[in-house]
């Protein structure tokens, strides 16, 4: 039987860490489905970067906060690229930066809908998909070093959502290990993406860099290299763990 071509679905892959992960996955032989919510043009640019590395690519629109979108994303990916062998749950939001007492209930709900409920439902779909196709698949859930620090005066609610992702990843990994499915989480530190501007503080990198032992923020590609390694055969005995990629935090 011919060897299966690896296929990865990456949510939130039109920019930042997700986009960097897509190009590295192509480097490592994956065909790539680039998930996006609104910016199709940016997603298509990432798809072109994948194709330049000689791999197939597609863009798939879907908001993981809308749980009914998720089965459609999996179905479209399988239809165009074949059975999915890896999932990277990269979609995530912080909401505005500020003290918790100023955070609205609507922000908290939306952060949990994307970061926790969306991640969990994507994992559910992936597990069902892997089992149906008898694939020893891999899931990488993107957390944050905020789960460890608590992110006081910035976004405690976001930190709590990522702590939930880490606990969920460990439990799920142990539940599905017997099926040959691996589940890990990556906890990036502050990274040079537009998440800071989206959170309302574009100059945040300058403010937080001195508190990082390495004295600088990460490049998206540095986080993506960790994700790519976890998806590779080199990490075949690694599951149920959280890898901090945070410059020493």
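The values are calculated or read from the model by the stated rules, or taken from the named source; none is laboratory data. Computed from a predicted model, the values in this text were never measured in an experiment. Positions of Cβ are generated from backbone atoms using ideal geometry, with glycine treated the same way; all protein chains shown enter the neighbour counts.
Structural remarks
- Of the listed requirements (1) touching a strand residue (DSSP E or B) at 6+ places or on another chain (Cβ under 9 Å); (2) buried (at least 17 other Cβ atoms within 10 Å of the Cβ), residue 63 misses just one: (1).
- For region 81-102, the count of residues that are within 17 Å of the chain's Cα centre (by Cα) and without any contact (Cβ under 8 Å) to a residue 24 or more places away in the chain is zero.
- Subset tally (residues that are closer than 18 Å to residue 247 by Cβ and either without any contact (Cβ under 8 Å) to a residue 24 or more places away in the chain or in contact with a strand residue (DSSP E or B) (Cβ under 7 Å, 6 or more places away or on another chain) (or both)) for region 149-188: 7
- A single entry from 246, 235, 224, 209 fulfils the requirement of being over 20 Å from residue 162 (Cα atoms) and in contact (Cβ under 8 Å) with a residue 40 or more places away in the chain: 235.
- Among the numbered conditions (1) closer than 17 Å to residue 239 by Cβ; (2) free of Cβ contacts under 8 Å to residues at least 60 places away in the same chain, the only one that residue 144 does not meet is (1).
- Residue list for region 166-197, restricted to those being more than 24 Å from residue 122 (Cα to Cα) and in a helix (DSSP H, G or I): 196, 197
- All conditions but one from (1) under 21 Å from residue 168 (Cα atoms); (2) crowded, with 19+ Cβ neighbours inside 10 Å apply to residue 108; the one that does not is (2).
- Every residue from region 198-222 that is outside any loop (DSSP other than H, G, I, E, B) and more than 13 Å from residue 245 (Cα to Cα): 198, 204, 205, 206, 207, 208, 209, 210, 211
- Matching option when the condition is at pLDDT 95 or above and either assigned to a loop (DSSP other than H, G, I, E, B) or more than 30 Å from residue 7 (Cα to Cα) (or both), among 162, 148: 148
- Taken together, the residues in region 223-249 that are over 18 Å from residue 180 (Cα atoms), in contact with a helix residue (DSSP H, G or I) (Cβ under 7 Å, 6 or more places away or on another chain) and part of a helix (DSSP H, G or I) amount to 5.
- Neighbours by Cβ (under 8 Å, 6+ apart or cross-chain): first from region 11-33, at positive phi and touching a residue at least 40 places away in the same chain (Cβ under 8 Å); second assigned to a loop (DSSP other than H, G, I, E, B) and surrounded by fewer than 24 Cβ atoms within 10 Å (Cβ to Cβ): 12/37; 12/91; 16/193; 16/194
- Scanning region 218-241 for residues that are more than 14 Å from residue 136 (Cβ to Cβ), touching a strand residue (DSSP E or B) at 6+ places or on another chain (Cβ under 8 Å) and surrounded by fewer than 18 Cβ atoms within 10 Å (Cβ to Cβ) gives 219, 222, 240, 241.
- Hey, residue 117 within 14 Å of the chain's Cα centre (by Cα), within 25 Å of residue 60 (Cβ to Cβ) and not in a strand (DSSP E or B) or not: yes
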